[in-house]
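Below is one structure, written out as structure tokens; the observations come after it.
Every read-out reported here was derived from the displayed coordinates using simple, explicitly stated rules and does not represent laboratory data. Here the structure is a predicted model, which is why all the values come from computation and not from measurement. Here the Cβ positions follow ideal geometry from the backbone for every residue, glycine too, while neighbour counts run over all protein chains shown.
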There are 2 protein chains.
Amino acid sequence: MPTEHTYKQFDTDLENMRARVLQMGGLVEQQITQAMEALVNADFVLADQVISNDHLVNALEVGIDEDCAQIIARRQPTASDLRMVMTVVKTITDLERIGDEAAKVARMAREIHQNGRIYQPKFNQIEFMGTIVLEMLHKALDGFARLDATTAIEVCRSDVQVDEEYHLVLRNLITYMMEDPRTISIFIDIMFVAKAIERMGDHAKNMSEYVVYMVKGKDVRHTTVEEIERTASN
Amino acid sequence: MPTEHTYKQFDTDLENMRARVLQMGGLVEQQITQAMEALVNADFVLADQVISNDHLVNALEVGIDEDCAQIIARRQPTASDLRMVMTVVKTITDLERIGDEAAKVARMAREIHQNGRIYQPKFNQIEFMGTIVLEMLHKALDGFARLDATTAIEVCRSDVQVDEEYHLVLRNLITYMMEDPRTISIFIDIMFVAKAIERMGDHAKNMSEYVVYMVKGKDVRHTTVEEIERTASN
């Protein structure tokens with residue numbers, strides 16, 4: 001029979017696991033912020049830092065996955081505790097992929113600025129996309145920390161906005177390329193930066209959908225924004 | 001105490017879960033094959049079929065996730081059984097994302113051919129990439145079915161090849177665009193097809209890394225191809 005001590009230990013294990021997810025989330029937020037700064041300010045030192053810090057994100061993913069397997073094996077969680085562990089397993093995969101995209105942005109920042117080829121104003125829209133995505137990630141992590149499913153509503157709405165911005169950016173970049181074909185290479189690099197940011201948004205959306213599952217016990221992936229709103233606010 | 005009956009039921013549950021993963025894998029293979037056919041033959045009917053079948057892939061992901069949670073809650077697996085369940089949870093996420101990319105290729109096929117804008121030969125390289133990626137997925141699923149970690153070696157090597165092909169395609173497309181800027185839009189669509197296929201390769205690689213973890217009990221994500229070779233063949 002589990003003793004009171006066992007229960008306490010279980011709560012501590014779950015609490016530690018949650019804390020590590022939030023630590024990983026904070027690191028990934030920092031990676032995005034710095035990757036965007038590196039891009040906008042042509043800061044090579046910062047770009048290199050983001051690229052070399054990616055392994056910290058990866059190590060956290062591997063470590064937290066181990067924690068989850070150990071909690072399942074030793075503590076045999078059920079119901080909402082099990083949902084939390086499953087949510088963590090999924091969440092850290094998306095966090096790690098956001099980290100990959102941030103490192104990709106940092107690598108593109110190096111590429112784009114390598115010959116001092118680019119002029120500032122072209123990054124306004126991309127910066128704006130980055131700001132929205134950072135907010136989305138922050139809200140998804142906040143929902144996870146406070147067991148608050150309603151944050152998913154805002155995150156999913158913002159994802160629609162990011163997709164729209166992305167298509168605007170794409171259209172503008174194509175116009176620039178057509179105006180001056182010598183710029184094609186560089187604008188394709190910038191296009192892949194926009195794509196990376198758009199994908200970060202998708203991952204943040206996934207994370208907030210897992211929070212709805214964790215809190216409400218209902219899987220809302222592959223449904224509509226309206227369905228997520230209904231489930232999250234019930 | 002678990003009875004013999006309980007053990008048998010547990011084995012059946014695990015077997016069913018594995019069978020559903022392979023069913024999902026087969027469906028995703030078909031989605032890729034048909035999306036590539038739709039692209040190369042300008043087949044709109046097939047493209048629409050791939051797009052509308054994406055929900056079947058999604059439904060399998062959600063269903064298998066439920067199975068996994070139930071197996072953990074009711075059967076409390078440990079050691080290699082637990083590793084298998086964790087592997088399935090991760091694998092189906094990647095399978096679902098490959099399915100998304102296949103649907104994206106089908107949507108791009110529609111877009112690319114809508115005005116009969118494109119001539120055949122440009123797809124040779126892309127088709128070749130698609131063939132390699134299909135093989136990678138097949139080997140990853142095969143490794144999963146036969147608990148064979150060594151398939152990961154070939155899958156990881158092929159992923160390097162896909163990345164190289166992808167960069168060749170990118171370079172060629174940029175050359176075409178520079179030669180005739182009116183083609184920029186269309187070649188950017190084709191670029192995103194190449195990108196989608198390259199990502200399928202990444203996901204297949206992830207899947208084969210999970211197989212190594214499942215069989216060998218060692219997490220080889222974020223390591224080198226050499227490290228994966230060492231672990232898989234030991």
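How much of the pair distance distribution for the protein assembly as shown lies past 30 Å, counting alpha-carbon pairs only, in percent?
Tail fraction, whole percent: 47.
What are the distances, in nm and sorted shortest first, from the label point of A:R146 to the label points of the same position in each other copy, with each label point placed 7 Å from Cα along the Cα-to-Cβ direction?
Shortest to longest, the spacings are 5.3 nm.
Run through every distinct alpha carbon pair of chain A and return the Kirkwood hydrodynamic radius in angstroms, one decimal place. Before the final figure, lay out the partial values.
Values: mean 1/r = 0.0532 Å⁻¹.
Roughly 18.8 Å, rounded to one decimal.
Can you give the calculated 222 nm mean residue ellipticity of chain B, where each DSSP H run of n ≥ 4 adds -39,500 (n - 2.57) and the sum is split over every residue, rounded to the nearest 500 deg cm²/dmol?
Calculated mean residue ellipticity at 222 nm is -30500 deg cm²/dmol.
Select from the range A:53-156 those chymotrypsin sites (Phe, Trp or Tyr not before Pro) which occupy a DSSP coil region and have at most 11 other Cβ atoms within 10 Å, ordered by residue number.
Qualifying residues, ordered by number: A:Y119.
Positive end of the dipole of chain B, charges at C-beta (+1 Lys, Arg; -1 Asp, Glu), about the Cα centre: which of B:V40, B:A79, B:T12 has its Cα farthest in that direction?
It is B:A79.
Would you work out the charge dipole size for chain B about its Cα centre, treating the Cβ of every Lys and Arg as +1 and the Cβ of every Asp and Glu as -1, and quote it to the nearest 20 debye?
200
Gap in Å between the Cα centre of the range A:140-159 and the Cα centre of the range B:136-164?
Answer, in whole Å: 36.
Taking the Cα centroid of the range B:34-66 and of the range A:175-234, what is the distance between the two, rounded to the nearest whole Å?
20
In the structure shown, do any of A:K195/B:K205; A:K195/A:K216; A:K216/B:K90; A:K139/B:K218; B:K104/B:K216 have a Cα-Cα gap over 28 Å, and if so which?
Details: A:K195/B:K205 21 Å; A:K195/A:K216 32 Å; A:K216/B:K90 22 Å; A:K139/B:K218 34 Å; B:K104/B:K216 35 Å.
As for pairs spanning more than 28 Å Cα to Cα, those are A:K195/A:K216; A:K139/B:K218; B:K104/B:K216.
At B:N16, with labels set 7 Å past Cα in the Cβ direction, how many nm apart are the copies from this one, shortest first?
Taking the point 7 Å beyond Cα along Cα→Cβ, the inter-copy spacings are 3.5 nm.
For the range B:38-144, what percent of Cα pairs sit more than 23 Å apart?
Here the long-distance tail beyond 23 Å is 43 percent of all Cα pairs in the range B:38-144.
Considering only the label points, 7 Å along Cα→Cβ from Cα, what distances in nm to one decimal separate B:V225 from the same position in each other copy, shortest first?
4.3
On average, how many beta carbons from a partner chain sit within 10 Å of the beta carbon of a residue in B:172-185?
Partner-chain Cβ atoms within 10 Å, mean over residues of B:172-185: 3.
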